[in-house]
1. For region C:80-100, check the following and say yes or no: at least one residue is touching a Lys or Arg at 6+ places or on another chain (Cβ under 6 Å) and over 26 Å from A:Pro41 (Cβ atoms).
2. Of the residues that make up region D:130-143, is at least one of a type in the set (Phe, Trp, Tyr), in contact with a Cys (Cβ under 9 Å, 6 or more places away or on another chain), assigned to a loop (DSSP other than H, G, I, E, B) and free of Cβ contacts under 8 Å to residues at least 40 places away in the same chain?
3. Which numbered condition in (1) open to solvent by less than 10 Å² (accessible area, probe 1.4 Å); (2) assigned to a strand (DSSP E or B) is the only one that A:Glu99 fails?
4. Among the candidates B:Gln194, B:Gln167, B:Gln235, B:Gln226, single out the residue that is within 13 Å of chain D (Cβ to nearest Cβ), open to solvent by less than 20 Å² (accessible area, probe 1.4 Å) and of a type in the set (S, T, N, Q).
5. Checking the condition touching a residue at least 24 places away in the same chain (Cβ under 8 Å) and facing another protein chain (nearest Cβ under 10 Å), which residue from B:Leu136, B:Leu153 passes?
6. Select from region C:86-108 the residues that are touching a residue at least 60 places away in the same chain (Cβ under 8 Å), in contact with a strand residue (DSSP E or B) (Cβ under 9 Å, 6 or more places away or on another chain) and open to solvent by 10 Å² or more (accessible area, probe 1.4 Å) and list them in ascending order.
7. Is it the case that region A:29-39 has a residue that's surrounded by fewer than 22 Cβ atoms within 10 Å (Cβ to Cβ), more than 7 Å from chain C (Cβ to nearest Cβ) and in contact with a Ser or Thr (Cβ under 7 Å, 6 or more places away or on another chain)?
8. What about A:Arg6, is it under 21 Å from B:Leu40 (Cβ atoms), open to solvent by less than 40 Å² (accessible area, probe 1.4 Å) and within 7 Å of another protein chain (Cβ to nearest Cβ)?
Amino acid sequence: MADPMRIRASMAGDKVEVRVLMSHEMETGLRKDAAGALVPPHFIQNVTVTHAGKTVLSAQWGTSISKNPFMHFRFKGGKPGEKVTISWVDNKGERRSDEAVISGG
Amino acid sequence: MSFHHLPAAVLVGVLAAALPCICVAQQDTQKEIERYRQLLAEGNPADLFEARGEELWKTPRGPKKASLEQCDLGLGAGVLKGAFAQLPRYFADTDRVQDLESRLVTCRVTLQGIDPAEATRNPFSAPGRPSDMEALASFVAGQSRGMKLAAPLRHEKELEAFRTGEQLFYRRAGPHDFACVSCHGESGKRIRLQELPKLTDPDDAQKIFTTWPAYRVSQGSVRTMQHRLYDCYWQMRHPQMDYTSEASIALEVFMAKYANGGEIQAPGLKR
Amino acid sequence: MDTRRRAVLKAGGGTGVLALAAAAGLIKPGEAFAQQWNKAAFDTKSFAATLKALGGSGSTESAQIQIIAPDIAENGAVVPITIESAVPKTDTIAILIEKNPSTLSADFEIPAGTDPFITTRVKMAETSNIYALVKADGKYFHAVKEIKVTLGGCGG
Amino acid sequence: MKLRGVKFVAALALGLAGCAGGVSDDEARARAEQIFRESFTHGNRQMAAKVETQDEVQALCSRYRNEPPKDVAEKIEREQAAGIRYPASGKFLGDWKQGEKIAQDGYGMRFTDPDTKRPNGGGCYNCHRIAPAEISYGTIGPSLYRFGALRGAGEATQRYAFGKIYDSQAYLACSHMPRFGHNNVLTEEQITHLVALLLDPDSPVNR
């Protein structure tokens, strides 16, 4: 199973600023291994961010998002102490979900 | 439009983008590369390695089902904070000068009962094959973040290692006649766009030596100081350097002498 | 299984400030990826084809969309990109890389309440134009920027 | 020239450091050689044997840290110059387009470069600015942009450029630059392509 994400969520004015790093190979399917064989694609396809039961960001990704993906965005309506949940699923059906508590500014 | 939520680095980028656009002149290349690095600094994937390293550090493993929490990294069993800042150093129990990775191997062998060959089997990760050493080194180095490097260089064997490292630093060999000093003997030079530190200049050494281990975007992984040396010798057209070899540690002691006093910013983030 | 579970639980009590882990099994059914992955769009090989696959018939270049990225990337494997849209009612922001094997890199849905602003990192096979394609109120707008990809180190 | 004084001080400092380490430079060198041999044991044996034994130039440049005394420098330069094999055909100028490819290419002679059929590259851009279109160039060596335009492309210059690439130490003892011909990194023909890249009036270096 993939390693946990590293999520930082903090207040910036009236908005929640979220930065996340995900642990994933993001294989394009075009890379060859040492023996010269193509390594099959393995990449995150969908990312969903929820807060208080509501989706605050969702994304579809292709193979050209960098390995160990990073994402930074902001949303309104969160408060310190509340949780932000980030989930992903990749093309092999593997998934991971982590949450972080929003910290003060 | 308001900028106050943007990190400073991005803000600088926005302002730069607002300047009248000119074609990229030679002198601007370095500036743009600098900007590239600033934009990356917002999130260092080495964080992921530090977290995994902490997990590995605390989890009982090996035949002895022990964690690494009692590992003596030079400041006593179980002392993590600041230990990396005083490496490499002489260890009486092994009667050797050891760097971080060499010492981690010792702890895995003695505390966890892992076979020495197994403990050094996969020091450098490849895609789909993560390395425990890269994660552990990231975690331990991170525990000295912000501290000043103070490798001791007092014990007779530490001084001996320095002399050896010095000889090796200038030793030219192979089909390209390369030595470490071929690339690291002058400040302000670069290979392609990569600046090269003069490793015998404290100003350069203090800034660079203290940023390893580092996440290398070109490799998609944290790489350790042992890998840095292995990779240099690869480029020098030498055969592969043995992991935690005496020569590698001697070179680290040599570099540490000049880097001493530099603030540890490891794990870093590099090309 | 045991190690997995322990790994997940321990990570939660880890370095504090940052992540809190939740086991894969803890994802509530329903919130788990009801959305689709638009294979047809990710298979496209040009700006026009991607636009069409996403459902657009034309797009207007707009100064209200900003692409913040370096002019030169030291390594094509990791190119930091920020896109900020000031187009009213921005619903989606897509990143397109003209000369990559597949043009579409990512498509973000921005619900009301979330800033039309996203930072991520993409792979670039070579020097190329990148497009920020914004859908707002049913219409498409874009901005474009060239990023040079260089060989940073000793090279192959 | 201004370096002489600095060198003297450096030598003094090294002498003092020598005392601190407890042994003479010769003893330190012998120990370092032993440790070196014990630190490259897992790779290709043939490759290891080659780096364990330094040739005379490598040993001298290592010993003098690339700043040999005048007599040693002159001896190195004389002997290296005598070893340059100029093209028997007298043709120094190859194809600059192939030269550009060789200058870009860093392939060859690393332990991960098993393809002996693929020619070695020169890796020239690693250290030199050459054609202006390539912005990713190194600065360890001098800029070679407009090399031919500035020096002319006469036979003397052709001969110099060929010789310098073939064996840099014929011109400057203990230069950092590899001896590409002397050490069989590049072939005679490859070197003529590089000479063309530097000197051909049609090369982007001179246009």
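1. Yes, because at least one residue in region C:80-100 is touching a Lys or Arg at 6+ places or on another chain (Cβ under 6 Å) and over 26 Å from A:Pro41 (Cβ atoms).
2. Yes, because at least one residue in region D:130-143 is of a type in the set (Phe, Trp, Tyr), in contact with a Cys (Cβ under 9 Å, 6 or more places away or on another chain), assigned to a loop (DSSP other than H, G, I, E, B) and free of Cβ contacts under 8 Å to residues at least 40 places away in the same chain.
3. Failing condition for A:Glu99: (1).
4. The unique qualifying residue is B:Gln226.
5. Exactly one residue qualifies, and that residue is B:Leu153.
6. C:Asp107
7. yes
8. Yes; evaluated as a whole, the condition is true for this residue.
The values are calculated or read from the model by the stated rules, or taken from the named source; none is laboratory data. Computed from a predicted structure; not experimentally measured. Don't worry about glycine lacking a Cβ; one is built from the backbone with ideal geometry, like all the others, and counts go over all protein chains shown. With ligands, DNA and RNA removed, areas are computed over all heavy atoms of the protein, side chains included. Shrake-Rupley method; radii C 1.70, N 1.55, O 1.52, S 1.80 Å.
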